[in-house]
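What follows is a single structure, written as structure tokens, with notes after it.
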Amino acid sequence: MTLLEEAPAARNGHEPSRSRLVVVGNGMAGVRAVEEILARDGAGQFAITVFGDEPYGNYNRILLSNVLAGSDDTSEIYLNPVDWYTDNDIDLRAGVRVVRIDRFAKVVLADDGSTLHYDRLVIATGSRSFFPPMEGMWADNTTLTAGVFGFRSLDDCSGMIDYAAGKARAVVIGGGLLGLEAARGLQNRGLEVEVVHAAPTLMNAQLDDDAGAILRRSVENLGITVHTEKRTEKVLSADGAVTGIEFSDGTQVPCDMLVVSAGIRPNVGLAVRAGLTVERAIVVDDHLRSVDDENIYVVGECAQHRGQVYGLVAPLWEQATVLAEHLTGTNPKAVYQGSRMATKLKVAGVDVAAMGLKHPEHPDDEFVQFSEPRNGIYKTIVVRDGKLVGATLVGDVSKVAFLMQAFDRGLPLPEERISLMFDLGTPSVEVGAAELADDAQVCNCNGVSKAAIVSCVQGGQKTVSGVSAATRAGKGCGSCKGLLGQVVEWAAGGAVEEDASASWYVPGVPYAKPELMRLIRELELHSVSSVFAALAPEAAEDAQSKMGLASLLQMMWAEEYVEEHDARFINDRVHANIQRDGTFSVVPQMKGGVTSSEQLRKIADVADKYEVPLIKLTGGQRIDLLGIRKEDLPAVWADLDMPSGFAYGKSFRTVKTCVGTDFCRFGVGDSTALGIAIEERFKGIAGPGKMKLAVTGCPRNCAEALCKDLGVVAVEGGRWEIYVGGAAGAHVRKGDLLATVTSAAEVMTLTGRFLQYYRESANWLERTYSWVPRMGIEHLRAVVVDDSEGIAERLDAEMQKAVDAYRDPWTDGREPATPGQFRPSLPLTVLPQVPVR
């Protein structure tokens, strides 16, 4: 997740040679407009400030469904890292809401008390979820009933994921794109899901009745129940939490959580208070300016142009381009004339494309229809005066490239209309890709044209993944990846290269892990910057590679590793786990999950002193203090006077234990003592991923050792079984039996050797549940237990070096590594107040 630590320095008013451009909205439309402005040398004209309600960087809202489904991590959906704002000299004010625009003073006022003058203002406030009036929906005027969610923001998504844990049934109101994606995502998390849609047809805005029926059949085949033509009147609840819904006919559907995806509404309150003309959204002219104020531009879902409000991304990109052309003066005559509505996406796993008309409207319109419900395929085209004016594809979108081209450009069509749907002697899909116009949009999610892809290939990038990384094509819903590959192959003249970087340990240094480690040793590179200087192309530093390199160097050099603060992620820089509101969680060390009354008193005192909003027991048997302010971290650590529990980094985390033989009548091994000993020895060692362990005193497995990175189980006869590669998070896997030993000392030895081998051979961020099956348990047993490669002694020595290098990171609280290490980053420095009328 991209989060803010250090705020850019505050700027007071104008810089001498540049005008002030303020952008209200850090979403996809607002930042795309900024990107287009920068591409036209706008940085030389404007000092740019971006306000965003959410305390994050700019992310791809389209991919929230992937996060909900668990296929993407939140860190994977960010479009622009915080470094991008800094690198482009943009003053980002994340988590700060603009509450008023004074058009006469040309000032915006924010909820943190700051004010800022503007010369030009861009409003890109987007839209919000619409909650239809429904009895029981709200707990009070501002709070939804517990278990009821919208699905619009990263916080909505995170809230749904957290709430879904342990729940069995969910209802989604709304059978549009977002509703179906939410349903599929919740189903992937193990919930039984039902979709309720008021219209007779799913996705009725894009699909006709026949297409909707086929989509419904495909969705139901996935195990999702669909109710259509149902109007929900009540949200049922008990003890303050949702328990079901009731329809207007009195029938009910029970559920543990409810997602409302019944449409969106533009965020126009700011514009209304500023006196701008607002109808369905903020009314703009063809230059994307408010019709009331030539200094205010509007872009995205909050803009109404010629009576139309757009919710798809492709029109937003077109608007951003025109805005930038006009604002920078690159092309003062640039005008926006509206967008043709065409979309291609994957809905709950089903390919769907729709453009233009769904049905013939004139008597002489040509209409071609193909339906194969059993295979989930449906296609229609509408032709008027020899031009394609509409098409719908469900289940098979292989011809979508040509159809979009024909729709956008008005291309002549083949006489055999059926060939628009199938390859019947007509140009193949590949030829269709080659025939795309240069400005045809290949990736709708990120607005990437064929010309941009071809230019990237001609610039030397000959791999599909490389082009994707450089242009962002294919990094949205992913439905364009096939076409992306075809365009790259065509542009490369068939000479597409394999992506060698797929085997690199980190993206910015072109070596696989074994070769990279060899070079680091030979060249004695002890710091991240030295690795970049010696091994990166043109010695270029790469932000995405820093964390992996820092972890690798710490593993290799132990106490000889040279720490560089800027190479670390925020969690590693402040030794605490950042939360969604910008505060931190603090987890002190409790070896084996064992604590004392003295420690509990200290924790209670700290909680009272710093008004900790939430104290939570973790799954690893630790106590988590949530809601600590960054600037309070050193004082909290000092008052606790306990070591760090390392609950934030890619490192050895915890050893969970049961009570073992001292108290449990079933215990056959002293699991508590062994767990404490393991945690004492390996605490804090760095790795390519988290390392969570457990020791249990009998096969009843109360400490859940079989689903840990390494779990130890006591069995009869004084023996211990060691399991590796288990998981019980987003991935569930029972660990493989590595060895059965007869003493705690052997457990300690094999644990250290296994962890060291994992640290040396796993890819960056590869957890043991992936690494163990990749390597094979037989191979691991041969290396770790039987020493088949003769490296056991070296592995043991390397682990001992890491153990000897341990230091408690919370000692930084006494002597911060940098002056700003614990300086608050949000809210940003309050600027001097500007007089307003």
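The values are calculated or read from the model by the stated rules, or taken from the named source; none is laboratory data. All values reported here derive from a predicted model rather than from experimental measurement. Heads up, the Cβs are rebuilt from the backbone with ideal geometry, glycines too, and the neighbour counts pull from every protein chain shown. Protein only, heavy atoms only, side chains kept; ligands, DNA and RNA dropped before computing areas. Shrake-Rupley method; radii C 1.70, N 1.55, O 1.52, S 1.80 Å.
Need pairs with beta-carbon distance below 8 Å; first residue more than 15 Å from Asn80 (Cβ to Cβ) and within the stretch 50-65, second open to solvent by less than 10 Å² (accessible area, probe 1.4 Å) and part of a helix (DSSP H, G or I); sequence gap 6+ or separate chains.
Note: pairs meeting the criteria are Leu64/Leu154; Leu64/Cys157; Ser65/Ala182; Ser65/Gly185.
Of all the residues that make up the stretch 779-791, how many are surrounded by 12 or more Cβ atoms within 10 Å (Cβ to Cβ) and over 20 Å from Arg733 (Cβ atoms)?
7
State the number of residues belonging to the stretch 353-389 that are on the phi > 0 side of the Ramachandran plot and either under 33 Å from the mean Cα position of the chain (by Cα) or in a strand (DSSP E or B) (or both).
Matching residues across the stretch 353-389 total 2.
Mind telling me which of the residues Thr74, Thr86, Thr115, Thr142 ends up being of a type in the set (Ser, Thr, Tyr) and free of Cβ contacts under 8 Å to residues at least 24 places away in the same chain?
On inspection, the qualifying residue turns out to be Thr142.
Any idea which residue in the stretch 116-156 is least open to solvent (accessible area, probe 1.4 Å), counting only those that are out of contact with any Leu (no Cβ under 9 Å at 6 or more places or on another chain) and acidic (Asp, Glu)?
Asp155
Quick one: which strands (runs of 3 or more DSSP E) lie wholly within the stretch 171-274 and hold at least 1 residues that are without any contact (Cβ under 8 Å) to a residue 12 or more places away in the chain and not β-branched (Val, Ile, Thr)?
232-238
Return the total of residues in the stretch 741-797 being in contact (Cβ under 8 Å) with a residue 40 or more places away in the chain, among the basic types (Lys, Arg) and in a helix (DSSP H, G or I).
Selection size over the stretch 741-797: 3.
Just to verify a result, which residue in the stretch 545-566, among those that are open to solvent by 50 Å² or more (accessible area, probe 1.4 Å) and within 19 Å of Ser761 (Cβ to Cβ), is farthest from the chain's Cα centre (by Cα)?
Gln554
I want to confirm something. Restricting to the stretch 741-778 and keeping residues that are buried (at least 17 other Cβ atoms within 10 Å of the Cβ) and among the basic types (Lys, Arg), which single residue is farthest from Gly660 (Cα to Cα)?
It comes out as Arg759.
Among the residues of the stretch 370-384, how many are open to solvent by less than 40 Å² (accessible area, probe 1.4 Å) and under 30 Å from Gly223 (Cα atoms)?
5
Quick one: count up the residues across the stretch 707-740 that are of a type in the set (A, V, I, L, M, F, W, C), open to solvent by 50 Å² or more (accessible area, probe 1.4 Å) and either closer than 19 Å to Val785 by Cα or modelled with pLDDT of 90 or more (or both).
Going through the stretch 707-740 one residue at a time, the tally reaches 1.
Identify the single condition in (1) open to solvent by 20 Å² or more (accessible area, probe 1.4 Å); (2) within 18 Å of the chain's Cα centre (by Cα) that Glu36 does not satisfy, given that it satisfies every other one.
Going through (1) open to solvent by 20 Å² or more (accessible area, probe 1.4 Å); (2) within 18 Å of the chain's Cα centre (by Cα) one by one, Glu36 breaks only (2).
I'd like to know if the stretch 222-231 contains one or more residues that are among the acidic types (Asp, Glu) and more than 30 Å from the chain's Cα centre (by Cα).
yes
Please work out which residue is surrounded by the fewest Cβ atoms within 10 Å (Cβ to Cβ), limiting yourself to the stretch 180-212 and to residues that are touching a His at 6+ places or on another chain (Cβ under 9 Å) and either at pLDDT 90 or above or over 30 Å from Val368 (Cβ atoms) (or both).
Glu194
Being farther than 12 Å from Met257 by Cβ and surrounded by fewer than 21 Cβ atoms within 10 Å (Cβ to Cβ) is true for just one of Gly113, Gly95, Gly166, Gly159. Which residue is that?
Every option except Gly113 fails the conditions.
Any idea which of (1) open to solvent by less than 50 Å² (accessible area, probe 1.4 Å); (2) closer than 30 Å to Met421 by Cα is the one Phe367 doesn't satisfy?
All conditions are met except number (1).
Condition check ((1) of a type in the set (Asp, Glu); (2) open to solvent by 40 Å² or more (accessible area, probe 1.4 Å); (3) closer than 18 Å to Met28 by Cα) across all residues:
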site: Ala274; (1), (2), (3): no, no, no
site: Val284; (1), (2), (3): no, no, no
site: Glu294; (1), (2), (3): yes, yes, no
site: Gly300; (1), (2), (3): no, no, yes
site: Trp317; (1), (2), (3): no, no, yes
site: Thr321; (1), (2), (3): no, yes, yes
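Residue-by-condition table, conditions (1) modelled with pLDDT of 75 or more; (2) of a type in the set (S, T, N, Q); (3) under 23 Å from Arg32 (Cβ atoms); (4) open to solvent by 30 Å² or more (accessible area, probe 1.4 Å):
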| residue | (1), (2), (3), (4) |
| --- | --- |
| Gly386 | yes, no, no, no |
| Leu393 | yes, no, no, no |
| Gly410 | no, no, no, no |
| Met421 | yes, no, no, no |
| Gln458 | yes, yes, no, yes |
| Gly474 | no, no, yes, no |
| Cys477 | no, no, yes, yes |
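Considering only the stretch 798-837, state which residues are part of a loop (DSSP other than H, G, I, E, B) and at pLDDT 65 or above.
Ala805, Tyr806, Arg807, Asp808, Arg814, Glu815, Pro816, Ala817, Thr818, Phe822
Within the stretch 532-544, can one find any residue that is assigned to a helix (DSSP H, G or I) and open to solvent by less than 30 Å² (accessible area, probe 1.4 Å)?
yes
Go through (1) under 26 Å from Ser551 (Cα atoms); (2) modelled with pLDDT under 90; (3) in a strand (DSSP E or B) one by one and return the number of the condition Gly627 breaks.
(1)
For the stretch 60-99, which positions are over 20 Å from the mean Cα position of the chain (by Cα) and of a type in the set (A, V, I, L, M)?
Once the filter is applied, which keeps residues that are over 20 Å from the mean Cα position of the chain (by Cα) and of a type in the set (A, V, I, L, M), the stretch 60-99 yields Ile90, Val96, Val98, Val99.
What is the one condition in (1) in contact with a Leu (Cβ under 8 Å, 6 or more places away or on another chain); (2) part of a strand (DSSP E or B); (3) under 28 Å from Asp156 (Cβ atoms) that Gly300 does not satisfy?
Of the numbered conditions (1) in contact with a Leu (Cβ under 8 Å, 6 or more places away or on another chain); (2) part of a strand (DSSP E or B); (3) under 28 Å from Asp156 (Cβ atoms), the odd one out for Gly300 is (2).
Looking only at residues that are polar (S, T, N, Q) and part of a helix (DSSP H, G or I) in the stretch 575-616, which one is farthest from the chain's Cα centre (by Cα)?
Restricting to residues being polar (S, T, N, Q) and part of a helix (DSSP H, G or I), the top hit is Ser597.
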